[in-house]
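Chemist: The structure under discussion is supplied below as structure tokens; questions concerning it will follow.
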Amino acid sequence: MTVHNQDEYLDRFYSLADVFSSATGLAAVVVDIHGNALSSCHHFNSFCSLMRANEQYRPGCLQCEKYCAYEGLKESKPKILSCHAGLSLFSMPLIREGSLLGFIICGQVRAKYQEYKTIVIQDESLWAQNAEINEAWRQVAIMDNNHLVASANLLNFIVNNITLTESKYPSTLESHSGEAPFSYSELSRHERKLAAALRYIDENLYGELTLESVAAQVCLSANYFSRFFKKQQGVNFKTWVNQKKMHRASELLRDPGHSIESIARKLQYAQTSYFCRVFRAVHQRSPQSFRYEQLSQ
């Protein structure tokens, strides 16, 4: 990829940072892989501006941003952190054709509930001794945690869809076959999301697993997740979940302490008769026959 093409790709994120910041009330900036700002710093509060203007405290702020940026590469969905001064922030990596070009970093608000991992740096509390900076910190906006999470998920969704338009079919998200055109970089990224979704399904078989709820867990739209899931797994989402639940049911049936009715309820099937039909479709025998065979061995 040429430098010119990289610049064109990043240009759209400069505008996105401005619009996203205005819509959510969060500060936003696009940085390169070294943490250097590429775009204007949109809606920075007075506290952060003072910190960056001070040669003593600026390195700590940049260290926090760089840490946050690379944490964003490790997770399948945005991870909200708390900087050394107690302000919340999160990042989204900007990847094109398998190359990491930079990050969007957002935040600079005080979360209503302090529940996020704090980035620890050396001499982190020295700024509190500066009366002007300390007063500016007290004026930083407080944001509800649900608003923060929703904002992070929204940015994730927007960036993912911008990435999709960089595929082989830039004018549309649909190919002639009706399937979304997946580039190598998109597959590698969304395969990580798929792995996270599969783990979530395995860990929540006793809960209500809907396409919409699982897609939301990995920050993808339900329609896109549905197509991608079937393309990768070979079966649709509902069939996969039923297969997983029936495998768990076969394990529970080996314990005579569990009645068939209780197993059906445990796996969120409202009607035992429907549970039995699904079990027969997967195992080619009824739950009663399966239990008898297992206990007879």
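Readers should treat all values here as calculations from the given coordinates under stated rules, not as data from a laboratory. These figures come from a predicted structure and were not determined experimentally. Every residue, glycine as well, gets a Cβ built from its backbone with ideal geometry; the counts of neighbours run over all protein chains shown.
Chemist: Express the relative contact order of segment 1-51 as a whole percentage, based on alpha carbon pairs under 8 Å and six or more residues apart in sequence. If you can, show how the numbers build up before the last one.
Modeler: On the way: 44 pairs, mean separation 13.5, N = 51.
The value is 26 percent.
Chemist: In whole Hz, what ³J(HN,Hα) sequence does segment 266-272 give by Karplus (6.51, -1.76, 1.60; θ = phi - 60°), x for Gly and Pro?
Modeler: Values, residue by residue: 4, 8, 6, 9, 5, 10, 4 Hz.
Chemist: Which net charge results for the neighbourhood of residue 106, defined as the other residues with beta-carbon distances under 14 angstrom from its beta-carbon, given Lys and Arg at +1 and Asp and Glu at -1? Working shown, then result.
Modeler: Working: positive: 79; negative: 18, 65, 71.
Once all neighbours under 14 Å are counted, the net charge is -2.
Chemist: Out of 28, 281, 264, any idea which swings most in a Gaussian network model of the chain, alpha carbons joined below 10 Å?
Modeler: 281
Chemist: If I take every Cα pair under 8 Å that is 6 or more residues apart in the chain, average their sequence separation and divide by the length, what percent do I get for the relative contact order? Don't skip to the end; give the middle numbers.
Modeler: Details: 381 pairs, mean separation 35.1, N = 297.
Relative contact order comes out at 12 percent.
Chemist: Then there's this: Taking 0.36 nm per intervening residue step and subtracting the Cα-Cα distance, what contour gain separates residue 239 from residue 262 on full extension?
Modeler: Residue separation times 0.36 nm, minus the Cα-Cα distance, leaves 6.1 nm.
Chemist: So if each residue of separation counts as 0.36 nm, and I subtract the Cα-Cα distance between residue 12 and residue 74, what length gain in nm does that give?
Modeler: Values: separation 62, 0.36 × 62 = 22.32 nm, distance 2.41 nm.
Contour length minus Cα-Cα distance gives 19.9 nm.
Chemist: Using only DSSP helix segments of four residues or longer, with each worth -39500 (n - 2.57), what per-residue ellipticity at 222 nm results for the chain after dividing by its residue count and rounding to 500? Intermediate values should be presented prior to the final figure.
Modeler: Numbers: 12 runs with 160 residues, N = 297.
Helix-only estimate at 222 nm: -17000 deg cm²/dmol.
Chemist: To the nearest 0.05, how large is the calculated FRET efficiency for residue 285 and residue 213 if R₀ is 45 Å and r is the Cβ-Cβ distance?
Modeler: Details: r = 31 Å, r/R0 = 0.69.
It comes to 0.90.
Chemist: Sticking with this structure for a sec: Which listed residue (249, 78, 215) has the Cα farthest towards the positive end of the charge dipole for the chain, taking +1 on Lys and Arg C-beta and -1 on Asp and Glu C-beta about the Cα centre?
Modeler: Positive-end residue among those listed: 249.
Chemist: Assuming R0 = 22 Å, what is the FRET efficiency of residue 22 and residue 203, from their Cβ-Cβ distance, to the nearest 0.05?
Modeler: Details: r = 38 Å, r/R0 = 1.71.
Efficiency at R0 = 22 Å is approximately 0.05.
Chemist: Can you give me the P(r) profile for the chain? Cα pairs, bins 10 angstrom wide beginning at 0, each as a whole percent.
Modeler: 6, 23, 25, 19, 14, 9, 4, 0
Chemist: Taking only Cα atoms and a 10 Å spring cutoff, compute GNM fluctuations for the chain and point out the largest among 287, 78, 256.
Modeler: Comparing 287, 78, 256 in the GNM, the peak value goes to 256.
Chemist: Can you list the HN-Hα couplings for segment 60-73, worked out from phi with the Karplus curve (6.51, -1.76, 1.60; θ = phi - 60°), rounded to whole Hz and with x for Gly and Pro?
Modeler: Per residue, the Karplus-derived 3J(HN,Hα) values read x, 5, 5, 5, 4, 5, 5, 4, 4, 4, 7, 5, x, 7 Hz.
Chemist: Moving to a separate point now. On a straight-distance basis, which lysines could pair with residue 117 in a cross-link, Cα separation under 24 angstrom, same-chain partners fewer than 8 positions away excluded?
Modeler: Cα-Cα hits under 24 Å: 66, 74, 77, 79, 193.
Chemist: While we're on this one: Semi-axes of the equivalent ellipsoid of segment 240-296: what are they in whole Å, largest first, if each equals the square root of 5 times a C-alpha gyration tensor eigenvalue? The partial results should precede the final answer.
Modeler: On the way: eigenvalues 49, 31, 20 Å².
Those come to 16, 13, 10 Å.
Chemist: I'd like the Karplus ³J(HN,Hα) series for segment 191-207: coefficients 6.51, -1.76, 1.60, θ = phi - 60°, whole numbers in Hz, and an x wherever there's a Gly or Pro.
Modeler: 5, 5, 5, 4, 4, 5, 5, 5, 5, 4, 4, 4, 8, 10, 5, 8, x
Chemist: Treat every Asp and Glu Cβ in segment 240-296 as -1 and every Lys and Arg Cβ as +1, leave all other atoms uncharged, and give the resulting dipole magnitude about the Cα centre to the nearest 20 debye.
Modeler: Numbers: 10 positive and 4 negative charges, 36 e Å.
About 180 debye.
Chemist: In addition: Would you mind checking which residues have amide H under 5 Å from residue 118's amide H? H placed 1.01 Å from N; only 5 or more apart, or other chain.
Modeler: Under 5 Å from the amide H of residue 118 lie the amide H atoms of 82, each far enough along the sequence or on another chain.
Chemist: Ok, one more. What does the extension gain come out to for residue 162 and residue 115, with contour length at 0.36 nm per residue minus their alpha carbon separation? Kindly include the intermediate steps, with their values, before the conclusion.
Modeler: Working: separation 47, 0.36 × 47 = 16.92 nm, distance 3.05 nm.
So the extension gain works out to 13.9 nm.
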